[in-house]
Protein chains: 2
Amino acid sequence: MALKFVKREEDYSKWYNDVIARADLAEHSDVRGCMVIKPYGYAIWEMMKDVLDRRFKETGHSNAYFPLFIPKSYLSKEASHVDGFAKECAVVTHYRLKNAEDGSGLIVDPEAKLEEELIVRPTSETIIWNSYRNWIQSYRDLPILINQWANVVRWEMRTRLFLRTTEFLWQEGHTAHATRSEAIIETEKMLDVYAEFAEEYMAMPVFKGIKSANERFAGAEETYCIEALMQDKKALQAGTSHFLGQNFAKAFDVKFTDKEGKQDFVWATSWGVSTRLMGALIMTHSDDEGLVLPPLLAPIQVVIVPIYKSEEDLNAIREVANKITNTLKSKGISFKFDDDDQKRPGWKFAEYEVKGVPVRIALGPRDIANNQAEIARRDTKEKQMVDLDNIEIYIPNLLVEIQQNLFNRAKKMRDESITEVNSYAEFKEVLNSKGGFILAHWDGTPETEDLIKTDTQATIRCLPFDFPIEQGLCIVTGKPSNRRVLFAKAY
Amino acid sequence: MALKFVKREEDYSKWYNDVIARADLAEHSDVRGCMVIKPYGYAIWEMMKDVLDRRFKETGHSNAYFPLFIPKSYLSKEASHVDGFAKECAVVTHYRLKNAEDGSGLIVDPEAKLEEELIVRPTSETIIWNSYRNWIQSYRDLPILINQWANVVRWEMRTRLFLRTTEFLWQEGHTAHATRSEAIIETEKMLDVYAEFAEEYMAMPVFKGIKSANERFAGAEETYCIEALMQDKKALQAGTSHFLGQNFAKAFDVKFTDKEGKQDFVWATSWGVSTRLMGALIMTHSDDEGLVLPPLLAPIQVVIVPIYKSEEDLNAIREVANKITNTLKSKGISFKFDDDDQKRPGWKFAEYEVKGVPVRIALGPRDIANNQAEIARRDTKEKQMVDLDNIEIYIPNLLVEIQQNLFNRAKKMRDESITEVNSYAEFKEVLNSKGGFILAHWDGTPETEDLIKTDTQATIRCLPFDFPIEQGLCIVTGKPSNRRVLFAKAY
């Protein structure tokens, strides 16, 4: 713990890996591209899950569970879906191992070959819409509002912990509706749920918008997204909500009879966020001393570190600490009193700093004599002596303030990293010097987008909702454009 | 809903499937052996998960997540483990599909063959102990108390919804300890957690005991289990807790330095329950009218059905129902007020009966005039007129009473189905006529157990803790035995 971190500005990528390792969040497994999410990292993910799950239920959704495996033929049924997902995936071809006759160990039993290969789900539209066909006959069966918490697998060549792994955890909502407009309302509603979660809980400002055709989900008519900006000025797509039109209903022949007795295909949405949010959380707030967590997603919100020499000191401190923790408990604040006598206070200070615990209370005999405690906040590293009688009010207020400060700080950084440009030269110059989001006019064609991507690595993150519509000329082709779109290099 | 169920005594197996279908709990998917858990079934599973997860955390465990895939070579490292698990499993051999050159569709890309095949986890001891090797150096790193909620795959030839499916959901605890006795204490502690959960929440009486060698988990030194009895007098293993000794530590070379500086292998446990518990819950309580749920695991504990002809009636009923639901809400009781005007009250009565909702309140204009409501309990189907002023006390008491009654009823059935026998002839006679648990002396050898199994299909469910030690003679071989063991035909 005493070792210094690489600083963000020296090697951002190494810094990111170091934070994850030192805060004990996750690690690479021996299985290529798959990670182990360690207890402290998983505890943060569980808090994210709990909030999201509650919001999904409040917006009328139920959880369910569909098979891990998808028959190969299902993937081919939706033409664009197969291009997006069927290529890099884990393929189950056999269902038995046996001992080799030469004693060399376990081998795949060639007699146990599946008639049709099974794909480990990269996403579940196909298997779910295959079920929905049997569930939907009439408008009375609609809407279906289902969410699934699951693991999915996409065979990634380059992986990074949380940001891009072969297996990851996520939720995927899959809804079915009687009308186009109802499905669009659902798509937008879930985008709002994601944006509110990102801003209110993760303290991470996001832009809402629509993807260009190039970046659209394979099988969607329209992909809505939230986009955040990391401290290295690269963008990160934090959540997507897809209006699928009737594409999957047509692919899986899911029709319903409407109130007038007419048959039509069902309208669909799907929407998801994943353990990628952990990467976004880490990169939005953490600093050169380690992880920084917003209080609303911190497994431990307050840690109390006793500073003592004698057993007598410790007993006196414990008594005061008990009063404090009783107060915290009554207010629903999570805490830890760390009286491990194998570790020195300095070691503990560094440990909880690296783990991003929002508030640290240090308590020594002199503090108790003065009826006060030293309270340190992780976000600004400021310390303050606080009267013990005031702690009951001070701590809850401080947690609210930290949550707000983290959001404000991230928003300031993000807002300062948005640049309007009016020429391609300027675009490249800003991208290479300052980075961040670039607002520029674009002629709306995939060709121009591809050219910019090949040329600069920047992609269109979204056609943002938050900026005024404005006439202009495409920075590459000079063709007319009726809005600026948001470009950035992205994770 | 109007269709009559098959009765349990006519065709128990069909009855079981009918309950699941009619209560809308789950269904078979098109993927062989894999089920879809539908929202109402998943809501019950979520309640089970929540209680268990809280109990795991209260007993000091944290959740984490390990990879879905296990390299083939890992399975071979623990000799008996491989025999138990490596055979019938899903094998991933390739990581890419491509379009066939003849345009016939998607095919497995032969160039994307994995160097080493990956197995979809049937259980995670191997992948987890491979990680623990890097996590454990000293006694200070112990104990490790980790649980994982996950999906697992075992390629089953004959599947039944919830009871035996190729993919199922479960939790698996994996703990590491410095001493043998600490690991045994952990194994027993988690067995107690399972037994308490089964009895207090599922209202399902269980016997705790130890498995015979034949039925032991592949890789364990000792398997502890809880065994329940279903209404068809067949036993069901509801949870297992394994003392793994140093087997996996040796297989994966996981050593630690103890306080004296001496190196030793780490001691291990693992323990799990799965969606199989859903099958146990259904078969313990349900009746010829459908599902019966214990109140503590019912997604809807109380349903209110309005009985009305005019809109005016409905408004008056709604007013009274609001008062009732406010009371229920304040007491943390879940409820539904079903004012769907597309369905008749009779249809709703049948629907909530089949879904096992513990308490139904029917409210009509005459009831309101008399300041009363008709309250029906699902377990006994008794109805009672209750004064509206008393509902606040009546309903919570009734829920407690139903929970208790279901347990007592199941326990009475179970206890009446235990028979002591003293000869093999008697054993067979009881097994075929009465079924249930049979307490008999056994000489302790796998050979005798195999013979009985081949002969009668009955297996030793456990060496139970709940019966006195007693000297006797094996019913088959006449050799001395120092305890009766519990036999039954089992799921």
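None of the figures in this text is laboratory data; all of them are computed from the coordinates on show. Computed from a prediction, not measured in an experiment: that's the story for all the values here. Don't worry about glycine lacking a Cβ; one is built from the backbone with ideal geometry, like all the others, and counts go over all protein chains shown.
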Could you please let me know if B:D141 is under 27 Å from the mean Cα position of the chain (by Cα), surrounded by fewer than 18 Cβ atoms within 10 Å (Cβ to Cβ) and not aromatic (F, W, Y)? no
For residues that are in contact with a Leu (Cβ under 6 Å, 6 or more places away or on another chain) and of a type in the set (A, V, I, L, M), scanning just the stretch B:207-236, find the one that is surrounded by the fewest Cβ atoms within 10 Å (Cβ to Cβ). B:I210
What's the number of the only condition in (1) crowded, with 16+ Cβ neighbours inside 10 Å; (2) touching a residue at least 24 places away in the same chain (Cβ under 8 Å) that A:K38 fails to meet? (2)
Kindly evaluate A:V82 against the criterion of being within 9 Å of chain B (Cβ to nearest Cβ), in contact with a His (Cβ under 6 Å, 6 or more places away or on another chain) and under 25 Å from B:L68 (Cα atoms). no
Among the residues of the stretch A:237-249, are any surrounded by fewer than 24 Cβ atoms within 10 Å (Cβ to Cβ), farther than 30 Å from A:M204 by Cβ and either free of Cβ contacts under 8 Å to residues at least 12 places away in the same chain or among the β-branched types (V, I, T) (or both)? no
Mind counting the residues in the stretch A:236-292 that are farther than 21 Å from A:N408 by Cβ, among the hydroxyl-bearing types (S, T, Y) and not in a loop (DSSP other than H, G, I, E, B)? 6
Reported set for the stretch A:146-188 where residues are surrounded by fewer than 22 Cβ atoms within 10 Å (Cβ to Cβ), among the polar types (S, T, N, Q) and either in a helix (DSSP H, G or I) or within 14 Å of chain B (Cβ to nearest Cβ) (or both) is A:Q148, A:N151, A:T159, A:Q171, A:S181
Please go through the stretch B:95-116 and pick out each residue that is within 23 Å of B:P67 (Cα to Cα), touching a strand residue (DSSP E or B) at 6+ places or on another chain (Cβ under 8 Å) and either more than 7 Å from chain A (Cβ to nearest Cβ) or buried (at least 21 other Cβ atoms within 10 Å of the Cβ) (or both). B:Y95, B:L97, B:A112, B:K113, B:L114, B:E116
Across the stretch B:368-382, the tally of residues that are under 12 Å from B:A316 (Cα atoms) and in contact (Cβ under 8 Å) with a residue 40 or more places away in the chain stands at 1
Residue hits (the stretch B:22-48; part of a loop (DSSP other than H, G, I, E, B), facing chain A (nearest Cβ under 10 Å) and among the aliphatic types (A, V, I, L, M)) are B:V31
Among residues belonging to the stretch A:434-461 that are part of a strand (DSSP E or B) and of a type in the set (A, V, I, L, M, F, W, C), point out the one that is farthest from A:Y491 (Cα to Cα). A:A440
Here the residues within the stretch B:68-81 that are in contact with a helix residue (DSSP H, G or I) (Cβ under 6 Å, 6 or more places away or on another chain) and outside any helix (DSSP H, G or I) are B:I70, B:S76, B:K77, B:E78
Log entry, pairs with first residue in the stretch B:58-75 being closer than 16 Å to A:R32 by Cα and at the interface with another protein chain (Cβ under 7 Å from one of its Cβ atoms), second being part of a loop (DSSP other than H, G, I, E, B) and acidic (D, E), beta carbons closer than 7 Å, six or more apart or on different chains, reads B:P71/A:D30
Reported set for the stretch B:313-338 where residues are in a strand (DSSP E or B) and among the aliphatic types (A, V, I, L, M) is none
Among the residues listed as B:V51, B:V19, B:V92, the single one being within 7 Å of chain A (Cβ to nearest Cβ), among the aliphatic types (A, V, I, L, M) and either in contact with a Phe, Trp or Tyr (Cβ under 8 Å, 6 or more places away or on another chain) or not in a helix (DSSP H, G or I) (or both): B:V92
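Yes/no per residue for (1) crowded, with 19+ Cβ neighbours inside 10 Å; (2) farther than 22 Å from B:D24 by Cα; (3) out of contact with any Asp or Glu (no Cβ under 6 Å at 6 or more places or on another chain):
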site: B:K331; (1), (2), (3): no, yes, yes
site: B:G356; (1), (2), (3): yes, no, yes
site: B:L363; (1), (2), (3): yes, yes, yes
site: B:R378; (1), (2), (3): yes, no, yes
site: B:N405; (1), (2), (3): no, yes, no
Just one of the numbered conditions (1) under 18 Å from the mean Cα position of the chain (by Cα); (2) in a helix (DSSP H, G or I); (3) among the acidic types (D, E) is not true of B:D232; which one? (2)
Taking the stretch B:167-195 and keeping residues under 23 Å from the mean Cα position of the chain (by Cα) and free of Cβ contacts under 8 Å to residues at least 24 places away in the same chain leaves B:I185, B:D192
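How many residues does the stretch A:339-350 contain that are away from every other protein chain (no Cβ under 14 Å) and either outside any loop (DSSP other than H, G, I, E, B) or closer than 15 Å to A:P299 by Cβ (or both)? Write out each step before concluding.
Of the residues in the stretch A:339-350, the ones away from every other protein chain (no Cβ under 14 Å) are A:339, A:344-346, A:348-350.
Filter once more, so that each one left must be either outside any loop (DSSP other than H, G, I, E, B) or closer than 15 Å to A:P299 by Cβ (or both): A:345-346, A:348-350.
Total satisfying the criteria: 5.
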Please specify each residue of the stretch B:117-140 satisfying the condition of being at the interface with chain A (Cβ under 9 Å from one of its Cβ atoms) and not aliphatic (A, V, I, L, M). B:E117, B:N130, B:S131, B:N134, B:W135, B:R140
Among the residues of the stretch A:353-360, is there at least one that is in contact with a helix residue (DSSP H, G or I) (Cβ under 9 Å, 6 or more places away or on another chain), within 25 Å of A:Y40 (Cβ to Cβ), part of a helix (DSSP H, G or I) and not aromatic (F, W, Y)? yes
